[in-house]
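Shown next, in structure tokens, is the structure this report addresses.
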Amino acid sequence: MSYQNILSNTDNGITTITINRPSKLNALNKATIQELHDAFNEANKNKDTKVIIITGCGEKAFVAGADISEFADFDVKQGKKLAANGQELLFDFVENLSTPVIAAVNGFALGGGLELAMSAHFRIASDNAKMGLPEVSLGVIPGYGGTQRLPQLVGKGRAMEMVMTAGMIDANQALDYGLVNHVTTQEELIPLAEKIAGKIMRNSSVAIKAAIKAVNANYKDGVDGFKTEIKQFGKCFGTEDFKEGTTAFLEKRKAAFPGK
Ligand code: COA
């Protein structure tokens with residue numbers, strides 16, 4: 001598939017999706033959101049893709065937010081639709097993907113950019129990264145899940161402060177908050193993401209899929225995460241990966257998971 005606003009490249013089990021609008025600091029317009037949906041969907045279905053890395057093009061920004069020029073004249077109905085469509089197409093979609101998604105935050109991750117990073121299963125950042133939810137400075141609130149995922153990741157008080165001040169935190173503060181798992185130099189960011197992806201790929205993709213479902217269940221309204229865990233745990237016993245993993249352990253060899 002060819003894209004106008006993003007790049008997607010698959011190599012050694014890793015699909016790297018790069019948002020490619022550096023002149024607009026990779027701001028998410030409607031077309032980019034649709035292309036990201038398509039690229040994530042395609043990667044998730046691709047048997048060669050074991051891990052997805054999402055990052056931004058250029059040295060300045062991961063994503064500087066939703067494209068303000070596109071919604072500045074929206075009314076109430078259009079505003080609601082913008083958030084609903086975006087959440088369904090991209091943010092919820094990424095969070096619930098069965099393939100692990102790592103956000104490699106290479107610069108500004110603001111508004112929809114931080115919301116996209118927070119939809120990924122976890123985040124790493126370069127030391128020049130800056131993160132924030134500046135929406136209230138524009139007279140609006142985060143609409144792509146930011147009011148929900150930021151408190152989940154950093155706690156209510158820190159999230160409230162970030163949202164209310166519309167301020168930015170730097171990479172080290174994000175690390176301290178638990179918003180990102182690792183901080184490194186810009187040059188080392190993608191190699192680090194690939195190194196972590198390599199560790200993930202050694203494990204059973206079927207079990208990882210089940211683990212994503214179980215962990216995410218904790219954050220879904222009306223869903224009992226413990227029950228989801230029991231169900232997913234049980235299902236693993238019927239997989240070829242489980243037979244291979246346990247047999248390999250008992251035979252003191254490395255598992256070669258069929259991914260089934
Ligand atoms: N939507 C649309 N365009 C954006 C954008 C966004 N969220 N963020 C940056 N851009 C555009 C700028 O309009 C500018 O385009 P132009 O050259 O055609 O005028 C270009 O990207 C470069 O941005 P600029 O503001 O000149 O860079 P800077 O280094 O001075 O400032 C930021 C960087 C990130 C601090 C600043 O761009 C900014 O505050 N962006 C908006 C962040 C935001 O509020 N996001 C939440 C949206 S809900």
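Here are a few things to note about the model shown:
- Database remark: amide H of residue 166 closer than 5 angstrom to no amide H (H placed geometrically; neighbours at sequence offset of 5 or more, or on other chains; Pro and chain starts carry no H).
- Relative to the current alpha-carbon distance between residue 181 and residue 60, full extension at 0.36 nm per residue lengthens the span by 41.5 nm.
- Using the Cα coordinates of the range 205-250, the gyration tensor eigenvalues translate into equivalent-ellipsoid semi-axes of 24, 9, 7 Å, sorted from longest to shortest.
- You can think of it this way: the chain between residue 127 and residue 74 has 15.5 nm of extra reach, that is 0.36 nm per residue less the Cα-Cα gap.
- If you sort 196, 102 by accessible surface, 1.4 Å probe, largest first, the order is 196, 102.
- Net charge dipole size for the chain [Lys, Arg +1 and Asp, Glu -1 on Cβ; Debye, nearest 20]: 860 debye
- Neighbours of residue 232 by Cβ distance under 12 Å: Lys/Arg scored +1, Asp/Glu scored -1, total +4.
- Pairs of Lys residues in the range 221-260 that lie 8 or more places apart, or on two chains, and have C-alpha atoms under 16 angstrom apart add up to 6.
- Per-selection Kirkwood Rh - the range 47-109 (Cα, Å, 1 d.p.): 13.8 Å
- The largest-to-smallest principal axis extents of the Cα set in the range 62-206 are 49, 32, 27 Å.
- For the chain, the C-alpha radius of gyration sits at 1.03 times the compact-globule guess of 2.2 N^0.38 Å, with N the residue count.
- In Å², nearest 10: area of residue 42 left accessible to a 1.4 Å probe: 80 Å²
- Chain lengthening between residue 226 and residue 41 when straightened (0.36 nm per residue, less Cα-Cα): 63.8 nm
- In the range 168-260, the C-alpha radius of gyration followed by the widest Cα-Cα span (Dmax) gives 17.3, 52 angstrom.
The values are calculated or read from the model by the stated rules, or taken from the named source; none is laboratory data. Worth saying up front: this structure is predicted, and the values here are computed from it rather than measured. With ideal geometry, Cβ positions are generated from the backbone for all residues, glycine too; neighbour counts draw on all protein chains shown. Please note that ligands, DNA and RNA were not included when accessible areas were found on the heavy atoms of the full protein model with its side chains. Shrake-Rupley method; radii C 1.70, N 1.55, O 1.52, S 1.80 Å.
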